[in-house]
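The structure under discussion appears below in the form of structure tokens.
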Amino acid sequence: MTAIQQDHPPEQPRPSDQAHDHGHGHTHGHSHGHSPAAPVSARLRKIIAAVLIPFAVAVVAGLIVLWPGGTPDHKASGRSGLGFDQQTVAGRVVKVEEVNCADVNAQPQAPTEPGQDSAAQNGAPGQGGKKSVCEKATIEVTSGKDKGRTFPEIVQPNASRQFNAGQELKLAYAPKAPKELQYSVSDVDRSMPMALLAGLFALAVVAVGRLRGVFALVALAISFGVLTLFILPAILQGSNPLVVAVVGGSAIMLLALYMCHGLTARTSVAVLGTLVSLLLIGVLGSLFIAWASLTGNTDDQTGLVHGLYPNIEIRGLLLAGVIIGSLGVLDDVTVTQTSAVWELRAADPTVSRRRLYGAAMRIGRDHIASVVNTLVLAYAGASLPLLLLFSIADTGVGTVATSEIVAEEIVRTLVGSIGLVASVPVTTALAVLVVSADRAPAADGGAKRGADAGGAQAARTGRGGRGRRRRAKTR
């Protein structure tokens, strides 16, 4: 007897359990086959590596070549145009009291109801003699060299921002302004609710996903890092937005998928499906953005960026947004379809390729319906104020749909949706091909012989059991 056998002596079965053990030997062995399959064929591994390794090398080379260097122009010149680079300090609302708007020289409000003028709101004679009530908030500086200093802030009745005593604020500081105008309210301090919400999100992901949830959070942080450290600075430094989006999006895809789902054939199939779909989205996006003569310069933010950086190709920026916006949903679809194929094959290892593809596509069709609807509603929700303006103007549907500001969103939505729809059959077909070739012929033959032997043994055991029961009845 060897040392391994001495360390793990076989357990002697009881006589009454021998028949039970024989009867379940095949079932126990078959249950292990339900785990996710891994490629055992060296030829299959070489084929996958031959496709993905050059792609990964090209992505790394693109990151190295396009990686932004030096100081961005807006930092070197001290300009941003957005006001985010101004000096800020912390502040707090000490108290809020009601005052007459006229006493504090507050500007009259715009009419809020049809037929109501500003004179009526400010209590002008002949309009009922009512006085408009404003709020006077006393703001205290709670950080910086002027900590403890207070200043007043007048809030008119219909202002969108109202203050409450004890509310935390962000204050803008202008050192060159007169002393009484150096501080003003820039925004509300939302650090606490945002941090709490982020903590709840992370807790929910880890509680449900466990270790895989932790990897998902790490992948999310990496994706955000690629976006802020590579994609945005590279575009600002004049690189082609489309090329930057393709390289950065591919890096995010590789890092996120392999980190969350492991370096397996299943993940590699999802990567290939996502890559093919992204290629289709890029081709269709380029074609229809050019054909529809979309400039991409349709809002104040884009106009401001173009004004500060005239060398940025705004049309390329639009296409880059389409690719990056579709990437996250594509990952979801391709991973789900690949997992569906693997699990269906594990549930029935004898299923043919045609039946496996048909079963996985039935799952994919349900996924397509929900994902496309989600994508359309997401874009509609982001453009809801614009849609409200068109509803107020009572403009025809055709005129609205063909206007550039709406056509841009329509092209973005439809191109992304076509890529999503195409990803289902493409990924499913790739997964079926890989999972069907996932076992070497020798392994299949050995498994079949083992199954036949197990079945024969079970049959003999069954006949022996029936014979013993008949003899017992005779006695």
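The values are calculated or read from the model by the stated rules, or taken from the named source; none is laboratory data. All of these numbers come straight from a predicted model, not from anything done at the bench. Neighbour counts run over all protein chains shown; Cβ positions are idealised from the backbone, glycine included. With ligands, DNA and RNA removed, areas are computed over all heavy atoms of the protein, side chains included. Shrake-Rupley method; radii C 1.70, N 1.55, O 1.52, S 1.80 Å.
Within region 344-362, if we keep just the residues that are in contact (Cβ under 8 Å) with a residue 60 or more places away in the chain and charged (D, E, K, R), the residue that is least open to solvent (accessible area, probe 1.4 Å) turns out to be Arg345. The selection criterion, being at pLDDT 80 or above and either part of a loop (DSSP other than H, G, I, E, B) or touching a helix residue (DSSP H, G or I) at 6+ places or on another chain (Cβ under 9 Å) (or both), does not hold for Leu44. Between Thr267, Thr274, Thr295, the distinction of being of a type in the set (Ser, Thr, Tyr) and modelled with pLDDT of 90 or more belongs to Thr274 only.
In region 142-161, the residues that are among the basic types (Lys, Arg) form no Cβ pair under 7 Å with any partner that is part of a strand (DSSP E or B) and surrounded by fewer than 12 Cβ atoms within 10 Å (Cβ to Cβ), whether six or more places apart or across chains.
Within region 162-197, the set of residues being open to solvent by 80 Å² or more (accessible area, probe 1.4 Å) and touching a residue at least 24 places away in the same chain (Cβ under 8 Å) comprises Asn164, Lys170, Glu180, Met192.
If only residues of region 153-198 that are out of contact with any Asp or Glu (no Cβ under 6 Å at 6 or more places or on another chain) and of a type in the set (Val, Ile, Thr) are counted, the one that is farthest from Ala221 (Cα to Cα) is Ile154. Selection of region 328-343 for residues being open to solvent by 10 Å² or more (accessible area, probe 1.4 Å), over 12 Å from His367 (Cβ atoms) and of a type outside the set (D, E, K, R) yields only Gly328. The number of residues in region 235-267 being open to solvent by 10 Å² or more (accessible area, probe 1.4 Å), farther than 30 Å from Gly69 by Cβ and of a type in the set (S, T, N, Q) comes to 1. Of the residues Ala221, Ala172, Ala198, the single one that is of a type in the set (A, V, I, L, M, F, W, C) and in contact with a strand residue (DSSP E or B) (Cβ under 7 Å, 6 or more places away or on another chain) is Ala172. The set of residues from region 300-345 being over 30 Å from Arg266 (Cβ atoms), part of a helix (DSSP H, G or I) and in contact with a His (Cβ under 7 Å, 6 or more places away or on another chain) comprises Leu308, Ile314.
A single entry from Phe230, Phe215 fulfils the requirement of being under 28 Å from Gly321 (Cβ atoms), open to solvent by less than 50 Å² (accessible area, probe 1.4 Å) and out of contact with any Ser or Thr (no Cβ under 8 Å at 6 or more places or on another chain): Phe230. Tallying residues that are open to solvent by 70 Å² or more (accessible area, probe 1.4 Å) and either more than 16 Å from Val96 (Cα to Cα) or not hydroxyl-bearing (Ser, Thr, Tyr) (or both) within region 134-159 yields 4. Evaluating Pro157 against the criteria (1) at pLDDT 90 or above; (2) assigned to a loop (DSSP other than H, G, I, E, B) leaves one unmet condition, (1).
When Gly316, Gly307 are checked against the criterion of being surrounded by fewer than 16 Cβ atoms within 10 Å (Cβ to Cβ) and either closer than 27 Å to Arg212 by Cα or not aliphatic (A, V, I, L, M) (or both), Gly307 stands alone in meeting it.
Could you list, in sequence order, all residues of region 181-215 that are in contact with a helix residue (DSSP H, G or I) (Cβ under 7 Å, 6 or more places away or on another chain) and basic (Lys, Arg)?
Arg212
Being open to solvent by 20 Å² or more (accessible area, probe 1.4 Å) and at pLDDT 80 or above holds for only one residue in Ala401, Ala429, and it is Ala429. Of the residues that make up region 173-189, is at least one at pLDDT below 85 and acidic (Asp, Glu)? Yes.
One line per residue, one yes/no per condition, for (1) among the aliphatic types (A, V, I, L, M); (2) touching a residue at least 24 places away in the same chain (Cβ under 8 Å):
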residue	(1), (2)
Gln301	no, no
Leu308	yes, yes
Ile323	yes, yes
Leu327	yes, yes
Asp331	no, yes
Ala340	yes, yes
Asp366	no, no
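The set of residues in region 66-88 being modelled with pLDDT of 65 or more and either in a strand (DSSP E or B) or exposed (fewer than 11 other Cβ atoms within 10 Å of the Cβ) (or both) consists of Gly69, Gln87, Thr88.
Among the numbered conditions (1) in a helix (DSSP H, G or I); (2) over 30 Å from Ala137 (Cβ atoms), the only one that Leu263 does not meet is (1).
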